[in-house]
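Working notes, beginning with the structure itself.
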Amino acid sequence: MAADGIKFLPNLLEVLRFRGIRKIPRKSFHDPFYIPIFKGEFMRKATVLTLITGIFLQITAGLYGVGESTLILGAGSSWNAVVNRSGIAEVSAIRPNPVLTLSSVRPGNDPYLDMALSFDEDRPESFTDLTGHYQVSVSAALSAVNYRWSRAGTGAALFSGDSPLGAQDQSLPFARDSTGASRGFSDLSEGPLVITPRGQNALLSSGRHFRDFSIEFWLYPLNMENGEQIISWTSTRQTAQGAKTFQRILCGAAKNRLSWTFLDFFSSPDDSRQMTLSLSGSPVLPRVWSHHLIRFDSDTGLLEYLVDGRLEGVVYATSSGREGGELFCPVSGDGGTLVLGKRFAGLMDEFRLYGRYNEAPQLSKYSLQGGRIETRPLDLGERNSRVLKIETLGGNFSPGGKNPRAAAIMQNEYAGSGRFRFANDSMVQFFIRAADSPYQWAAADTGWIPFEPGLEFSENMRGRYIQLAAAFYPSGDGEAAPYLDEIRILYQRDDPPLPPSLVTAIADDGAVELSWKASPDQDLSGYLVYFGTAHGEYFGESAILGVSPINVGKRTSFRIEGLKNGTLYYFTVAAYDRNSTANAGMFSREVSARPLRMVE
């Protein structure tokens with residue numbers, strides 16, 4: 001549709017035509033604000049030039065507003081319009097502006113999840129058990145690192161070991177205080193990170209008998225030195241026979257391996273006997289993330305240790321030491337305290353304790369299920385607006401896989417519009433739906449149409465409201481993810497049509513004959529005639545053809561019958577386009593006429 005600048009043109013021409021045949025009252029030529037348009041029937045050449053210039057400027061100003069409009073999401077405009085995000089994170093470390101990409105945050109909705117330390121908080125003093133079952137205390141020996149160094153989520157815990165951080169490998173992002181000196185170890189004698197139960201809901205609360213359990217975490221050791229303790233849980237308890245026993249779960253480093261010891265943690269059904277179990281795995285590589293899982297199946301007594309999904313050690317908590325025989329099950333004593341990272345130097349991420357046998361841990365950085373976003377309904381301003389095309393910017397990002405030191409050579413493909421499918425099989429698929437009312441989308445999955453960014457849509461992609469969605473899929477190994485940097489929506493508003501010009505009204509007996517010059521709108525569908533008995537108020541009801549307004553189709557003249565003689569009526573005409581009468585444009589200039597009985 002034409003813009004407001006062009007709407008001015010018919011009215012201006014109409015004024016010129018009517019004023020060109022009339023005399024204009026003379027004003028003093030000493031008035032600096034007075035420019036004569038006409039003087040009698042004579043137009044000055046300078047005045048003509050001024051008028052033509054003015055008309056040209058009005059036309060060009062109007063044409064400048066005609067055409068495409070652009071709506072931008074992302075980049076410098078934020079992602080606030082993206083209201084639904086499933087498995088998606090907004091990350092600032094990839095591009096100058098935040099991008100949308102797959103989230104590596106582990107879900108916390110497992111009903112058997114008993115403890116969850118994500119280490120995603122900005123500061124170590126904010127580290128929290130997400131289940132609320134445990135109290136977490138930290139020392140100055142603990143630091144927090146950001147997204148680039150984490151294995152999952154947006155952060156990880158950095159342990160300094162017993163020696164000053166300055167003596168450690170400076171390639172790791174060790175935290176420093178304002179003086180530049182590395183922070184020393186622990187103001188807590190127990191260790192850098194101490195965890196205690198809050199109440200009886202915790203699996204490791206006092207006197208708790210339980211069955212299946214699993215402990216998992218990600219580890220990035222600096223050197224894997226002897227004596228480093230990854231996990232140390234200690235407790236004391238009194239058996240059913242009254243005997244005192246000391247309990248311990250220890251996961252520590254020895255000869256580049258992690259060794260597990262469960263001291264008197266498993267007890268016979270009558271609690272008369274306790275059992276100590278030990279197992280270990282193969283050497284753990286330093287400066288590489290590895291996943292560690294210990295899990296217990298109470299139906300068979302099987303205790304397994306897995307590293308990166310590979311089975312490293314197996315023992316049985318049974319009287320026979322193998323499958324079969326009397327089963328021993330876990331019992332936690334009183335005053336149990338769990339310490340993480342004592343004398344350990346390196347990173348830890350996603351420490352979790354479950355009250356179940358964890359059969360299928362997530363080993364990839366990103367869930368292979370992918371993620372999805374949806375925008376809110378985006379208002380294009382006018383009904384029947386046409387979406388021309390949607391352009392996108394984004395890429396594919398791999399933060400070094402299990403070795404964050406590889407971030408310096410990380411893969412970061414950047415792409416414009418087109419198929420967002422990359423060589424490692426990560427991709428983004430886009431969807432759109434359009435309607436004049438968002439309430440037409442009765443269900444969340446109604447009306448979605450897939451599209452390829454950069455390609456023009458058909459004429460039928462129209463509506464006042466559009467909604468966008470995108471499905472994100474990781475690479476085949478789950479270690480790389482696509483990201484979205486910017487979305488540009490190019491569209492044309494379906495502005496209401498221009499009003500007709502040169503509207504005239506001729507009174508007759510009980511009727512008025514109206515005529516007008518057609519609106520120049522290309523997709524014109526018809527006209528609405530408004531009438532009433534007061535200036536600017538068009539609520540007439542006395543016409544034979546009905547109440548105001550009357551839809552007269554594409555006619556440019558119309559006779560309104562059934563009007564009351566002697567009553568002054570006011571009329572105006574509006575055009576509507578192919579959308580509907582609801583998209584009627586501005587009123588024409590108002591005209592008036594008084595029906596009278598004619599002399600024969």
So Asn109 fits all but one of (1) of a type in the set (S, T, N, Q); (2) in a strand (DSSP E or B); (3) surrounded by fewer than 23 Cβ atoms within 10 Å (Cβ to Cβ); what number is the exception?
-> (2)
Look through region 476-499, keep the residues that are crowded, with 23+ Cβ neighbours inside 10 Å and at pLDDT 90 or above, and return whichever of them is farthest from Arg419 (Cα to Cα).
-> Tyr491
Among the polar types (S, T, N, Q) and modelled with pLDDT of 95 or more: does that describe Ser290?
-> yes
Checking Val573 against (1) within 25 Å of Ser385 (Cβ to Cβ); (2) surrounded by fewer than 19 Cβ atoms within 10 Å (Cβ to Cβ), which single condition isn't satisfied?
-> (2)
Across region 114-134, which residue is farthest from Tyr366 (Cα to Cα) among those that are surrounded by fewer than 20 Cβ atoms within 10 Å (Cβ to Cβ) and not small (Gly, Ala, Ser)?
-> Glu125
Working carefully through the options Asp508, Asp485, find the one that is under 30 Å from Arg95 (Cα atoms) and charged (D, E, K, R).
-> Asp485
Criterion violated by Met348 - all others in (1) modelled with pLDDT of 95 or more; (2) more than 15 Å from Ile231 (Cβ to Cβ) satisfied | (2)
Subset of region 73-106 (residues that are at negative phi, assigned to a strand (DSSP E or B) and surrounded by 19 or more Cβ atoms within 10 Å (Cβ to Cβ)) | Leu73, Val82, Ile88, Ala89, Val91, Val99, Leu100, Thr101, Leu102
Condition check for Ser282: farther than 22 Å from Gly346 by Cβ, small (Gly, Ala, Ser) and in a loop (DSSP other than H, G, I, E, B) = no
Mind counting the residues in region 299-345 that are at negative phi, buried (at least 17 other Cβ atoms within 10 Å of the Cβ) and not in a strand (DSSP E or B)?
-> 5
Residue among Ser548, Ser519, Ser525 that is among the hydroxyl-bearing types (Ser, Thr, Tyr), at pLDDT below 90 and either under 30 Å from Arg433 (Cα atoms) or over 50 Å from the mean Cα position of the chain (by Cα) (or both) = Ser525
Checked region 228-270 for anything assigned to a loop (DSSP other than H, G, I, E, B), surrounded by fewer than 16 Cβ atoms within 10 Å (Cβ to Cβ) and touching a residue at least 24 places away in the same chain (Cβ under 8 Å); matches are Ala240, Gln241, Lys255, Asn256, Pro269, Asp270
Are there any strands (runs of 3 or more DSSP E) wholly within region 511-600 with 2 or more residues that are of a type in the set (Phe, Trp, Tyr) and on the phi < 0 side of the Ramachandran plot, and if so which?
-> 524-532, 569-577
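Return yes or no: is Ser298 farther than 22 Å from Ala345 by Cα, free of Cβ contacts under 8 Å to residues at least 60 places away in the same chain, of a type in the set (Ser, Thr, Tyr) and out of contact with any Gly (no Cβ under 7 Å at 6 or more places or on another chain)?
Taking the combined requirement at face value, the residue does not satisfy it.
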Tell me, yes or no, whether region 311-330 has at least one residue that is under 45 Å from the mean Cα position of the chain (by Cα), among the aliphatic types (A, V, I, L, M) and modelled with pLDDT of 95 or more.
-> yes
Tally time: how many residues in region 477-501 are farther than 19 Å from Trp289 by Cα and assigned to a loop (DSSP other than H, G, I, E, B)?
-> 8
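The values are calculated or read from the model by the stated rules, or taken from the named source; none is laboratory data. Since this is a predicted model, take the numbers as computed values, not measurements. Note that we place each Cβ from the backbone using ideal geometry, even for glycine, and neighbour counts take in every protein chain shown.
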